[in-house]
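The values are calculated or read from the model by the stated rules, or taken from the named source; none is laboratory data. Here the structure is a predicted model, which is why all the values come from computation and not from measurement. Ideal geometry is used to build each Cβ from the backbone, glycine not excepted, and the neighbour counts take in all protein chains shown. All accessible areas refer to the heavy atoms of the entire protein, side chains included, with ligands and DNA or RNA removed. Shrake-Rupley method; radii C 1.70, N 1.55, O 1.52, S 1.80 Å.
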Amino acid sequence: MKPASFEYHRPASIEEALKLLAEHGAEAKLISGGQSLVPMMNMRLASPSHLIDINDLSELAGVRKRGDLIEIGTLTRHQEVASSSLASEHCPLVSQAASTIGHYAIRQRGTLGGSLAHADPAAQMPLVARTLDARITLASHAGERELASADFFQAAMTTAVRPDEMIVRVSFPVQQAGERFSFKLFSRRHGDYAIVSVAVVLGTQEGRVTKLHVGVGGATPVPVRLDTVLEELLGKTPDEPWLRSVGLAVYHALTPEESARIPAIYRKELTQSLVSQALKELLAEQEMEPV
Ligand SMILES: Cc1cc2nc3c(=O)[nH]c(=O)nc-3n(C[C@H](O)[C@H](O)[C@H](O)COP(=O)(O)OP(=O)(O)OC[C@H]3O[C@@H](n4cnc5c(N)ncnc54)[C@H](O)[C@@H]3O)c2cc1C
């Protein structure tokens, strides 16, 4: 299948890209990795009249550390995030999750910004952004604005990006002392989108749980963080009964949509199991390290 005809633009600067967006707005689409947009155009699920290719804007790519943040440019390929020593040292959840996206060829082209803008409910990077409270910076001809990931994802495949805006970078908080991360997913075949994925941040101090963030992707239209239900499990010793309580709290908090292919209860049980597995591994790792 072939896409509908369109006018192709290849801006040489961010300024030029923003000018094109301001001119063509809702008629235009940015293209970064093309891994989601091109199939959608080929299937005529998207038919932009103007395609704005940002692949020459190398200033939009790369991983940097700025104070307590890891800043990743929108055009950074998944493979670069996965293999970035800065990301794996200071924010390992991000690189760990990026390494599980699709297949190698997809990771070589697909970008962080493209993945967030596409906002597939089962995608890895939206889940990680939501779990870590990443900040997403959007630029337009009028200037920049920064959004919390909780406000960025609005519904399945729907974000707060306006037609004249583009994502320019994403800022993730660096890992704090005593914090551990885990990312787990389950998919039918290697490289497929996950049926469910979970991102877990566990903080402990003197044998007690000081932080517990559990993000879940694939189960609901946008990734969710189950903070409220886990609040009462803070301050406790992470023993077997605690682990069971977390699993049950997660199970009861999730309300996946029913689908003929995958029943809601299956996603609930899968999430419970992935969260328990992640926590068990994190706690086991901790015991192996000297205090
Ligand atoms: C076979 C296959 C398997 C895959 N498996 C997975 C998987 O397991 N997990 C996963 O997460 N993803 C998976 N993907 C998707 C892949 O991660 C894509 O790279 C990603 O979803 C989109 O990124 P992209 O850079 O290719 O964006 P594009 O396809 O270029 O664009 C996607 C959307 O984002 C918009 N966009 C792009 N850049 C910007 C920007 N800077 N600002 C605002 N809007 C922008 C575009 O206009 C478009 O609407 C898979 C893709 C394929 C083809």
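Assorted remarks:
- Cα-based radius of gyration of the stretch 61-173 once divided by 2.2 N^0.38 Å, which approximates compact folds: 0.97
- For the stretch 182-208 versus the stretch 233-272, the gap between their alpha-carbon centres in whole angstrom: 13 Å
- Measuring nothing but how far apart in sequence close Cα pairs (under 8 Å, 6+ apart) lie, relative to its length, the stretch 61-173 scores a relative contact order of 28 percent.
- Expressed to the nearest 5 percent, the antiparallel share of DSSP beta bridges inside the chain is 85 percent.
- With protein chains left intact and a 1.4 Å probe, residues in the stretch 144-239 average 46 Å² of accessible area per residue.
- Within the accessible area of the chain (1.4 Å probe), percent carbon and sulfur: 51 percent
- GNM top mover of 261, 66, 135 - the chain, alpha-carbon springs below 10 Å: 261
- Across the chain, the relative contact order, built from alpha-carbon pairs under 8 Å that are at least six residues apart, equals 14 percent.
- Accessible area of the stretch 7-53 divided out per residue, in Å², using a probe of 1.4 angstrom: 51 Å²
- Reach of residue 280 by Cα under 16 Å, taken over aspartates and glutamates that are not fewer than 8 positions away in the same chain: 179, 239, 240, 289
- For the stretch 179-286, the Kirkwood radius over C-alpha pairs fed into Stokes-Einstein at 10 °C and 1.306 mPa s yields D = 113 µm² per second.
- Cα pair distances exceeding 23 angstrom across the stretch 1-138, given as percent: 35 percent
- For residue 19, the lysines whose Cα falls under 27 Å of its own Cα, not counting residues fewer than eight places away in the same chain, are 29.
- For the stretch 152-223: rounded, prolate or oblate by the Cα gyration tensor [a/c cutoff 1.5]: oblate
- Rg and Dmax [Cα atoms of the chain; Å; Rg one decimal, Dmax integer]: 19.6, 62
- Here the simple spin-label model places points 7 Å from the Cα toward Cβ, and for residue 151 and residue 47 these points are separated by 3.5 nm.
- Between the stretch 1-16 and the stretch 45-117, the alpha-carbon center distance in angstrom: 20 Å
- Stokes-Einstein diffusion coefficient of the stretch 7-53, Kirkwood radius over Cα pairs, 10 °C, 1.306 mPa s, in µm²/s: 146 µm²/s
- Shape analysis of the stretch 126-175 places it in the oblate category; the axes a ≥ b ≥ c from the Cα gyration tensor give an a/c of at least 1.5, with a/b not above b/c.
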